[in-house]
Amino acid sequence: REEAIGTPSRILQCNVHGNTMRTPLCVAFLTLGWTNIIAGFIIARDGRKSGIHTITTKVVRCNAFARQLQSLSEHHVNAEAIESKVARPPEPLLSLPVGKSWKPFRDGPLEIIRICNDPDMFLLKEHIPHSEGRRALMDHAQAKGFKVAETALGQREMRQNSFSTWIDHNTDASSFGLYVAQGMTRMSADLLLNELEYIAEPIQIVKYIEGGKFELHHDGLGRACTCLVYLNGVAGTWFPYAAVDPEDQSCVPREDAEGYPTSAGYTPGQHGIWLAGSEADPNLVRAAKENHMVRVEPGDAVAFYNYKWVGEFDYYADTNGEQFVDHWRTCHVALPTDREKWIATNWFKSTHLPENEI
(Lines give C-alpha, C1' and ligand atoms only; values in the text may rest on other atoms or scores of the structure.)
Protein backbone atom coordinates (compact mmCIF):
# COMPACT_ATOMS: atom_id res chain seq x y z
CA ARG A 1 0.00 0.00 0.00
CA GLU A 2 2.89 2.33 -0.70
CA GLU A 3 0.61 4.52 -2.78
CA ALA A 4 -1.00 5.60 0.49
CA ILE A 5 2.18 7.20 1.72
CA GLY A 6 4.40 8.12 -1.20
CA THR A 7 7.44 7.14 0.86
CA PRO A 8 8.95 3.64 1.14
CA SER A 9 8.82 2.13 4.59
CA ARG A 10 12.02 2.39 6.58
CA ILE A 11 13.62 0.11 9.13
CA LEU A 12 14.88 1.88 12.22
CA GLN A 13 17.20 1.05 15.07
CA CYS A 14 15.45 0.66 18.39
CA ASN A 15 16.63 -0.56 21.74
CA VAL A 16 14.52 -3.26 23.37
CA HIS A 17 15.65 -4.55 26.77
CA GLY A 18 19.19 -3.42 26.05
CA ASN A 19 19.44 -5.34 22.76
CA THR A 20 19.86 -3.48 19.51
CA MET A 21 17.29 -4.72 17.07
CA ARG A 22 16.34 -3.87 13.49
CA THR A 23 12.60 -3.64 13.32
CA PRO A 24 9.93 -1.84 11.37
CA LEU A 25 7.46 0.03 13.48
CA CYS A 26 4.80 -2.32 12.25
CA VAL A 27 1.35 -0.91 11.76
CA ALA A 28 0.23 -3.20 8.99
CA PHE A 29 -2.07 -5.37 11.08
CA LEU A 30 -4.54 -2.48 11.24
CA THR A 31 -4.91 -2.19 7.51
CA LEU A 32 -4.30 -5.70 6.20
CA GLY A 33 -6.14 -8.94 6.83
CA TRP A 34 -5.10 -11.07 9.82
CA THR A 35 -4.16 -13.97 7.53
CA ASN A 36 -1.75 -11.79 5.52
CA ILE A 37 -0.12 -10.40 8.62
CA ILE A 38 0.39 -13.82 10.18
CA ALA A 39 1.97 -15.00 6.94
CA GLY A 40 4.21 -11.93 6.95
CA PHE A 41 5.43 -12.62 10.47
CA ILE A 42 6.05 -16.30 9.68
CA ILE A 43 8.11 -15.32 6.63
CA ALA A 44 9.98 -12.71 8.65
CA ARG A 45 10.93 -15.23 11.32
CA ASP A 46 13.38 -16.82 8.86
CA GLY A 47 15.61 -13.78 9.41
CA ARG A 48 15.87 -14.04 13.16
CA LYS A 49 19.25 -14.33 14.87
CA SER A 50 19.85 -15.02 18.55
CA GLY A 51 16.16 -14.66 19.28
CA ILE A 52 15.94 -11.16 17.82
CA HIS A 53 13.67 -10.61 14.85
CA THR A 54 14.60 -8.91 11.62
CA ILE A 55 11.20 -8.21 10.10
CA THR A 56 10.90 -6.84 6.61
CA THR A 57 7.12 -6.72 6.19
CA LYS A 58 6.17 -3.54 4.31
CA VAL A 59 4.17 -1.22 6.49
CA VAL A 60 1.89 1.71 5.87
CA ARG A 61 3.28 4.97 7.17
CA CYS A 62 1.93 8.48 7.26
CA ASN A 63 3.74 11.16 5.27
CA ALA A 64 4.20 13.54 8.18
CA PHE A 65 5.76 11.01 10.55
CA ALA A 66 7.96 9.47 7.85
CA ARG A 67 9.31 12.91 6.95
CA GLN A 68 9.96 13.68 10.61
CA LEU A 69 11.93 10.46 11.16
CA GLN A 70 13.94 11.02 8.00
CA SER A 71 14.74 14.56 9.08
CA LEU A 72 15.90 13.45 12.53
CA SER A 73 18.06 10.66 11.17
CA GLU A 74 19.70 12.49 8.26
CA HIS A 75 20.33 15.95 9.68
CA HIS A 76 22.18 17.17 12.73
CA VAL A 77 19.69 18.28 15.36
CA ASN A 78 20.59 20.17 18.49
CA ALA A 79 20.68 17.64 21.34
CA GLU A 80 18.63 19.82 23.66
CA ALA A 81 15.95 20.24 21.02
CA ILE A 82 15.67 16.46 20.70
CA GLU A 83 15.58 15.94 24.46
CA SER A 84 12.79 18.46 24.87
CA LYS A 85 10.67 16.32 22.54
CA VAL A 86 11.13 13.10 24.51
CA ALA A 87 8.17 13.86 26.75
CA ARG A 88 5.93 15.18 23.95
CA PRO A 89 4.07 13.52 21.08
CA PRO A 90 5.31 13.79 17.49
CA GLU A 91 3.67 15.83 14.79
CA PRO A 92 0.94 15.93 13.68
CA LEU A 93 -0.33 14.87 17.11
CA LEU A 94 1.51 17.69 18.87
CA SER A 95 -0.38 20.38 16.96
CA LEU A 96 -3.76 18.65 17.06
CA PRO A 97 -6.38 20.73 18.93
CA VAL A 98 -8.66 19.17 21.54
CA GLY A 99 -11.60 17.43 19.89
CA LYS A 100 -9.89 17.18 16.51
CA SER A 101 -8.79 13.88 14.99
CA TRP A 102 -6.16 12.49 12.66
CA LYS A 103 -6.42 9.31 10.58
CA PRO A 104 -2.89 8.04 9.99
CA PHE A 105 -3.95 5.37 7.48
CA ARG A 106 -6.19 6.10 4.56
CA ASP A 107 -7.65 2.58 4.41
CA GLY A 108 -7.53 1.70 8.12
CA PRO A 109 -10.07 2.28 10.89
CA LEU A 110 -7.65 3.89 13.35
CA GLU A 111 -8.53 7.46 14.34
CA ILE A 112 -6.56 9.46 16.91
CA ILE A 113 -8.37 12.21 18.80
CA ARG A 114 -6.78 14.68 21.19
CA ILE A 115 -8.84 14.69 24.40
CA CYS A 116 -6.64 16.84 26.64
CA ASN A 117 -4.00 19.58 26.37
CA ASP A 118 -2.29 19.21 29.74
CA PRO A 119 -1.06 16.52 29.71
CA ASP A 120 -0.93 15.57 26.05
CA MET A 121 -3.58 12.84 25.92
CA PHE A 122 -5.16 11.04 22.99
CA LEU A 123 -7.93 8.54 22.36
CA LEU A 124 -6.97 5.92 19.77
CA LYS A 125 -10.22 4.64 18.30
CA GLU A 126 -10.00 1.00 17.17
CA HIS A 127 -6.37 0.61 18.13
CA ILE A 128 -6.98 -3.15 18.09
CA PRO A 129 -10.05 -3.20 15.87
CA HIS A 130 -10.75 -6.92 15.55
CA SER A 131 -12.31 -8.95 18.33
CA GLU A 132 -10.17 -11.94 17.30
CA GLY A 133 -7.00 -10.00 18.09
CA ARG A 134 -8.26 -8.81 21.45
CA ARG A 135 -9.42 -12.31 22.36
CA ALA A 136 -6.03 -13.72 21.33
CA LEU A 137 -4.25 -11.40 23.77
CA MET A 138 -6.63 -12.36 26.56
CA ASP A 139 -6.30 -16.08 25.83
CA HIS A 140 -2.51 -15.85 25.70
CA ALA A 141 -2.44 -14.03 29.03
CA GLN A 142 -4.79 -16.58 30.57
CA ALA A 143 -2.54 -19.41 29.38
CA LYS A 144 0.54 -17.75 30.92
CA GLY A 145 -1.24 -17.42 34.24
CA PHE A 146 -2.02 -14.41 36.39
CA LYS A 147 -0.57 -13.26 39.69
CA VAL A 148 -2.17 -10.92 42.17
CA ALA A 149 -1.23 -7.38 41.12
CA GLU A 150 0.46 -5.56 43.96
CA THR A 151 1.64 -1.95 44.11
CA ALA A 152 2.43 -0.39 47.47
CA LEU A 153 2.82 3.26 48.42
CA GLY A 154 4.45 3.21 51.83
CA GLN A 155 2.31 0.86 53.90
CA ARG A 156 -0.72 1.31 51.67
CA GLU A 157 -1.70 -1.29 49.07
CA MET A 158 -2.86 0.58 45.98
CA ARG A 159 -4.62 -2.24 44.16
CA GLN A 160 -7.57 -4.43 44.90
CA ASN A 161 -9.06 -7.45 43.11
CA SER A 162 -6.70 -7.19 40.15
CA PHE A 163 -4.38 -9.73 38.55
CA SER A 164 -1.56 -9.22 36.07
CA THR A 165 0.78 -11.02 33.71
CA TRP A 166 3.33 -9.93 31.09
CA ILE A 167 3.70 -10.75 27.39
CA ASP A 168 7.22 -10.35 26.05
CA HIS A 169 6.78 -9.14 22.48
CA ASN A 170 10.52 -9.59 21.89
CA THR A 171 10.28 -13.39 21.86
CA ASP A 172 9.60 -15.61 18.86
CA ALA A 173 5.94 -15.30 17.93
CA SER A 174 4.57 -18.80 18.47
CA SER A 175 0.91 -17.90 18.94
CA PHE A 176 -1.66 -15.55 17.50
CA GLY A 177 -1.61 -13.62 20.79
CA LEU A 178 2.12 -12.94 20.42
CA TYR A 179 1.64 -11.78 16.82
CA VAL A 180 -0.92 -9.27 18.05
CA ALA A 181 1.34 -8.17 20.92
CA GLN A 182 4.24 -7.52 18.54
CA GLY A 183 2.11 -5.59 16.09
CA MET A 184 0.46 -3.56 18.86
CA THR A 185 3.83 -2.56 20.34
CA ARG A 186 5.43 -1.53 17.07
CA MET A 187 2.40 0.38 15.89
CA SER A 188 2.11 2.25 19.20
CA ALA A 189 5.78 3.21 18.99
CA ASP A 190 5.43 4.32 15.38
CA LEU A 191 2.54 6.64 16.13
CA LEU A 192 3.34 7.94 19.60
CA LEU A 193 7.10 8.31 20.03
CA ASN A 194 9.26 11.25 19.07
CA GLU A 195 12.72 9.79 19.56
CA LEU A 196 14.34 7.06 17.53
CA GLU A 197 15.61 4.96 20.41
CA TYR A 198 13.31 3.62 23.09
CA ILE A 199 12.88 0.66 25.39
CA ALA A 200 9.56 -1.11 24.99
CA GLU A 201 8.60 -2.98 28.15
CA PRO A 202 6.74 -6.28 27.85
CA ILE A 203 3.00 -5.73 27.53
CA GLN A 204 1.19 -5.89 30.84
CA ILE A 205 -2.21 -7.57 30.78
CA VAL A 206 -4.38 -6.81 33.80
CA LYS A 207 -7.67 -8.45 34.68
CA TYR A 208 -9.90 -6.81 37.26
CA ILE A 209 -12.78 -8.68 38.85
CA GLU A 210 -15.78 -7.14 40.62
CA GLY A 211 -14.59 -4.54 43.11
CA GLY A 212 -11.23 -4.22 41.36
CA LYS A 213 -9.52 -0.84 41.51
CA PHE A 214 -6.16 0.95 41.45
CA GLU A 215 -5.81 4.09 43.53
CA LEU A 216 -4.33 7.39 42.34
CA HIS A 217 -0.84 6.80 40.96
CA HIS A 218 1.74 7.98 38.43
CA ASP A 219 3.36 5.53 36.02
CA GLY A 220 6.87 6.96 36.51
CA LEU A 221 9.95 4.72 36.23
CA GLY A 222 11.27 6.58 33.19
CA ARG A 223 8.20 5.68 31.12
CA ALA A 224 7.93 8.45 28.56
CA CYS A 225 4.61 7.25 27.17
CA THR A 226 1.78 4.98 28.25
CA CYS A 227 -0.65 3.39 25.79
CA LEU A 228 -3.48 1.56 27.54
CA VAL A 229 -5.89 -0.57 25.50
CA TYR A 230 -9.37 -1.53 26.72
CA LEU A 231 -9.72 -5.11 25.55
CA ASN A 232 -13.34 -5.75 26.56
CA GLY A 233 -14.70 -2.20 26.58
CA VAL A 234 -14.70 -1.77 30.36
CA ALA A 235 -12.78 1.40 31.19
CA GLY A 236 -13.18 3.59 34.27
CA THR A 237 -9.81 5.36 34.00
CA TRP A 238 -9.89 8.81 35.55
CA PHE A 239 -7.30 11.60 35.46
CA PRO A 240 -8.58 13.96 38.19
CA TYR A 241 -5.88 16.62 37.65
CA ALA A 242 -5.96 16.67 33.82
CA ALA A 243 -6.77 20.04 32.25
CA VAL A 244 -8.52 20.24 28.88
CA ASP A 245 -7.55 23.91 28.90
CA PRO A 246 -3.86 24.31 29.87
CA GLU A 247 -4.75 27.57 31.64
CA ASP A 248 -7.19 25.76 33.93
CA GLN A 249 -5.74 25.61 37.44
CA SER A 250 -8.92 24.41 39.16
CA CYS A 251 -7.69 20.83 39.62
CA VAL A 252 -4.46 20.75 41.58
CA PRO A 253 -2.85 17.97 43.62
CA ARG A 254 -4.30 17.30 47.06
CA GLU A 255 -3.04 15.18 49.91
CA ASP A 256 -4.98 13.16 52.46
CA ALA A 257 -4.35 13.15 56.20
CA GLU A 258 -1.49 10.67 55.76
CA GLY A 259 0.22 12.81 53.14
CA TYR A 260 -0.70 10.64 50.15
CA PRO A 261 -2.05 12.13 46.89
CA THR A 262 -5.81 11.96 46.68
CA SER A 263 -8.66 12.68 44.29
CA ALA A 264 -11.01 13.50 47.16
CA GLY A 265 -13.12 16.55 46.40
CA TYR A 266 -13.08 15.87 42.67
CA THR A 267 -15.72 13.94 40.69
CA PRO A 268 -15.41 11.88 37.49
CA GLY A 269 -17.14 13.69 34.66
CA GLN A 270 -16.93 17.02 36.49
CA HIS A 271 -13.17 17.33 36.94
CA GLY A 272 -10.25 16.11 34.88
CA ILE A 273 -10.73 13.47 32.18
CA TRP A 274 -12.85 10.35 32.72
CA LEU A 275 -12.70 7.50 30.22
CA ALA A 276 -16.01 5.70 30.50
CA GLY A 277 -16.84 2.31 29.02
CA SER A 278 -19.66 -0.17 29.40
CA GLU A 279 -19.36 0.01 33.18
CA ALA A 280 -20.19 3.73 33.40
CA ASP A 281 -23.07 4.79 35.64
CA PRO A 282 -25.73 6.30 33.33
CA ASN A 283 -26.48 9.02 35.88
CA LEU A 284 -22.83 10.12 35.94
CA VAL A 285 -22.71 9.99 32.14
CA ARG A 286 -25.74 12.26 31.82
CA ALA A 287 -24.34 14.69 34.38
CA ALA A 288 -20.85 14.81 32.86
CA LYS A 289 -19.56 18.14 31.63
CA GLU A 290 -18.48 18.63 28.05
CA ASN A 291 -14.88 17.52 27.42
CA HIS A 292 -14.60 15.92 30.87
CA MET A 293 -15.87 12.50 29.82
CA VAL A 294 -14.77 10.33 26.89
CA ARG A 295 -16.66 7.19 25.84
CA VAL A 296 -14.61 4.16 24.85
CA GLU A 297 -15.41 0.92 23.04
CA PRO A 298 -13.61 -2.44 22.95
CA GLY A 299 -10.24 -2.03 21.22
CA ASP A 300 -9.93 1.69 21.95
CA ALA A 301 -6.85 3.00 23.76
CA VAL A 302 -5.74 6.06 25.68
CA ALA A 303 -2.19 7.38 25.26
CA PHE A 304 -0.51 9.96 27.49
CA TYR A 305 2.94 11.34 28.33
CA ASN A 306 4.19 11.00 31.89
CA TYR A 307 6.97 13.59 32.09
CA LYS A 308 7.39 17.28 31.56
CA TRP A 309 10.36 19.10 30.07
CA VAL A 310 11.38 21.81 32.54
CA GLY A 311 11.39 24.72 30.17
CA GLU A 312 8.72 26.79 31.88
CA PHE A 313 8.12 27.63 35.52
CA ASP A 314 5.74 25.20 37.23
CA TYR A 315 4.76 25.93 40.83
CA TYR A 316 4.03 22.25 41.47
CA ALA A 317 7.24 20.89 39.95
CA ASP A 318 10.20 20.25 42.26
CA THR A 319 12.94 20.00 39.65
CA ASN A 320 15.89 19.08 41.91
CA GLY A 321 18.18 19.93 39.01
CA GLU A 322 16.46 17.45 36.67
CA GLN A 323 15.73 18.34 33.05
CA PHE A 324 12.43 16.45 33.31
CA VAL A 325 9.90 16.17 36.11
CA ASP A 326 7.04 13.79 36.72
CA HIS A 327 3.99 15.39 35.18
CA TRP A 328 1.55 15.38 38.09
CA ARG A 329 -1.45 15.90 35.81
CA THR A 330 -0.98 12.34 34.48
CA CYS A 331 -1.77 10.82 37.88
CA HIS A 332 -4.75 8.53 37.31
CA VAL A 333 -7.17 6.16 39.01
CA ALA A 334 -8.70 2.86 37.98
CA LEU A 335 -12.17 3.39 39.41
CA PRO A 336 -13.86 0.44 41.17
CA THR A 337 -15.49 -1.85 38.63
CA ASP A 338 -18.67 -3.87 38.97
CA ARG A 339 -17.67 -6.35 36.28
CA GLU A 340 -14.66 -8.07 34.74
CA LYS A 341 -12.26 -5.66 33.07
CA TRP A 342 -9.31 -6.41 30.79
CA ILE A 343 -6.60 -3.94 29.77
CA ALA A 344 -3.31 -4.22 27.89
CA THR A 345 -0.61 -1.62 28.46
CA ASN A 346 2.45 -0.60 26.45
CA TRP A 347 5.07 1.42 28.32
CA PHE A 348 7.92 3.06 26.42
CA LYS A 349 10.93 4.09 28.48
CA SER A 350 13.54 6.68 27.62
CA THR A 351 17.12 6.84 28.87
CA HIS A 352 16.68 10.63 29.05
CA LEU A 353 14.15 10.31 31.87
CA PRO A 354 14.64 9.77 35.61
CA GLU A 355 13.44 6.40 36.89
CA ASN A 356 12.08 7.65 40.18
CA GLU A 357 8.63 6.39 41.20
CA ILE A 358 5.85 8.37 42.86
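How high is the relative contact order of segment 186-283, given as a whole-number percent (alpha carbon pairs under 8 Å, six or more residues apart)?
Values: 74 pairs, mean separation 28.3, N = 98.
Contact order relative to length: 29 percent.
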Check: Considering only DSSP states other than H, G, I, E and B, which GluC sites (Glu not before Pro) in segment 87-156 qualify as loop sites with at most 16 other Cβ atoms within 10 Å?
Finding: Glu126, Glu150
Next item on the list: Report the accessible area of Trp347, computed with a 1.4 Å probe over the heavy atoms of all protein chains in place, in Å² rounded to the nearest 10.
Entry: 20
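Could you tell me what percent of the accessible area of segment 83-350 is made up of carbon and sulfur, with a 1.4 Å probe and every protein chain present? Please list the in-between numbers first.
Details: 5020 of 10650 Å².
Within segment 83-350, the accessible surface is 47 percent carbon and sulfur.
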Check: Between the DSSP loop rule and a limit of at most 13 other Cβ atoms within 10 Å, which GluC sites (Glu not before Pro) in segment 225-280 are left?
Finding: Glu247, Glu258
Check: So which lysines pass the test for Lys207, namely a Cα distance under 16 Å, with those fewer than 8 places away in the same chain ruled out?
Finding: Lys144, Lys147, Lys341
Next item on the list: Using only the Cα atoms of segment 83-350, build the gyration tensor, take square roots of its eigenvalues as a ≥ b ≥ c, and label the shape rounded, prolate or oblate: rounded if a/c is under 1.5, else prolate if a/b is larger than b/c, else oblate.
Entry: rounded
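Can you tell me the accessible area per residue over segment 153-282, all protein chains present, probe 1.4 angstrom, in square angstrom? Before the final figure, lay out the partial values.
Values: 4230 Å² over 130 residues.
Normalised by residue count, the accessible surface of segment 153-282 is 33 Å².
The values are calculated or read from the model by the stated rules, or taken from the named source; none is laboratory data. In this text the structure is predicted, and so the values were computed from the model without any measurement. Because the Cβ atoms are built from the backbone with ideal geometry, glycine has one as well, and the counts that use them run over all protein chains shown. In case anyone asks, the SASA skips ligands and DNA or RNA and just uses the protein heavy atoms, side chains included. Shrake-Rupley method; radii C 1.70, N 1.55, O 1.52, S 1.80 Å.
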